[in-house]
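The values are calculated or read from the model by the stated rules, or taken from the named source; none is laboratory data. The model shown is predicted, which means the values in this text are computed figures rather than measured ones. Quick reminder, even Gly has a Cβ in these numbers, built from the backbone with ideal geometry, and neighbours come from all protein chains shown. In case anyone asks, the SASA skips ligands and DNA or RNA and just uses the protein heavy atoms, side chains included. Shrake-Rupley method; radii C 1.70, N 1.55, O 1.52, S 1.80 Å.
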Amino acid sequence: MFGKLLMILAGILTLVGVGAFSYLSFEQIMGPRELVSRELAVGAKNETGVPAKSTSTQPAKEKSPTEMSVVPVKTNGTLVPANVLVEKTIVAPGPLRAVAGTLTAVPPVPSSTLTVRGIVEYTNGARSQNGGLPALIENELLDRDAQLKLADMFAKQYFEHESPDGTGPADLAKAVGYAYVIVGENLALGDFGSDQGVVNAWMDSPGHRANILNAHYQEIGVAVGKGMYEGRETWLAVQSFGMPISACPAISTSLKSEIDVNNIEITHLRAVLDAKKAQLDAIPSSDLNYNVYVGEFNAVIPEYNTLVENNRISVAIYNASVKAFNECINAVGISSMH
């Protein structure tokens, strides 16, 4: 009887020992039952983001709605304002001399006098009668341009579109401050009898006629005068035509300045982000300051992305205006070549 009791007691002790050994072995095999992990509010990895780091061996959980998301942006190299064309057109047919017996103009009048107003009126009359072209508006700067040309020809005794020192129509327009897309010039020397006579003579000359009927011109300046040329007193007449640059779509210089300032700030912010990214990559996620650095990095991203996007819109608007302006310049240049 006593022997049976001893056997039962021994069995119980054996079971307890085996159970304890099995529990320790199971814990060693399965590892700790609870791990403490730290989650970081870092956006998905991209060209400006930082990958989330964690000491946990658990599978990564899905990002919660409250975690910051970094929107990828293109490099600032695409935010380049378009170039503005600087090519301008100059039309200057050969000077016209009055030759006795060859004019189909109004017969000369011995005491005839040429006038600015008369030449402007007959010029606009010729435009109206040939295709219904709009009248040219007399422009003070172009009047000054024509007067400079007239005085220069008398002073230096030449009759050409380019002076002996190389000054041409473009130089005169610049000298008087006339900003243009296209300028043209007609010259006449001699006694054509009247305002109508000199305009008729120009209209009988193919090159001068084409200049008077150029559909791109919007403004005109005229100068007439009588003086000594090649040893005799005679008349000189000058027509200066122009299409002001203001006739083409305007380009906002203030918007261009804003874009330039934004590009500088974008470059600065990108440098800040790159520095903070390098700082994060250089330290382990277990560092006590890691979360602080992540917060600083993520705080800059919205400002950077917003500035880049706003600047992208500004550049698109600016480039559209430059395209329209360049097309205006090109259209005038191409049509004037035919």
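Some notes on this structure:
- Number of positions in segment 208-232 that are open to solvent by 30 Å² or more (accessible area, probe 1.4 Å) and under 36 Å from the mean Cα position of the chain (by Cα): 6
One line per residue, one yes/no per condition, for (1) crowded, with 19+ Cβ neighbours inside 10 Å; (2) among the β-branched types (Val, Ile, Thr); (3) at pLDDT 65 or above:
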| position | (1), (2), (3) |
| --- | --- |
| Leu85 | no, no, no |
| Leu96 | yes, no, no |
| Ser111 | no, no, no |
| Gly118 | no, no, yes |
| Gln157 | no, no, yes |
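- Given (1) open to solvent by less than 70 Å² (accessible area, probe 1.4 Å); (2) in a loop (DSSP other than H, G, I, E, B), number of the condition Glu162 does not satisfy: (1)
- Pairing residues of segment 311-332 that are among the basic types (Lys, Arg) with residues that are in a helix (DSSP H, G or I), at Cβ distances under 9 Å and at least 6 apart in sequence or on separate chains, gives Arg312/Thr78.
- Checked across segment 307-316, the condition of being open to solvent by less than 70 Å² (accessible area, probe 1.4 Å), closer than 30 Å to Asn214 by Cα and not small (Gly, Ala, Ser) holds for no residue.
- When Leu148, Leu141 are checked against the criterion of being modelled with pLDDT of 95 or more, assigned to a helix (DSSP H, G or I), within 34 Å of the chain's Cα centre (by Cα) and not acidic (Asp, Glu), a single residue qualifies: Leu141.
- Restricting attention to segment 243-255, the residues that are open to solvent by 60 Å² or more (accessible area, probe 1.4 Å) and more than 30 Å from Asn211 (Cα to Cα) add up to 2.
- Selection within segment 171-211 - closer than 26 Å to Met228 by Cα, part of a helix (DSSP H, G or I) and small (Gly, Ala, Ser): Ala173, Ala175, Gly197, Ala201
- Residues in segment 272-306 that are of a type in the set (A, V, I, L, M), open to solvent by 30 Å² or more (accessible area, probe 1.4 Å) and under 33 Å from the mean Cα position of the chain (by Cα): 3 in all.
- Looking only at segment 182-207, residues that are under 34 Å from the mean Cα position of the chain (by Cα) and among the aliphatic types (A, V, I, L, M) come to 2 in all.
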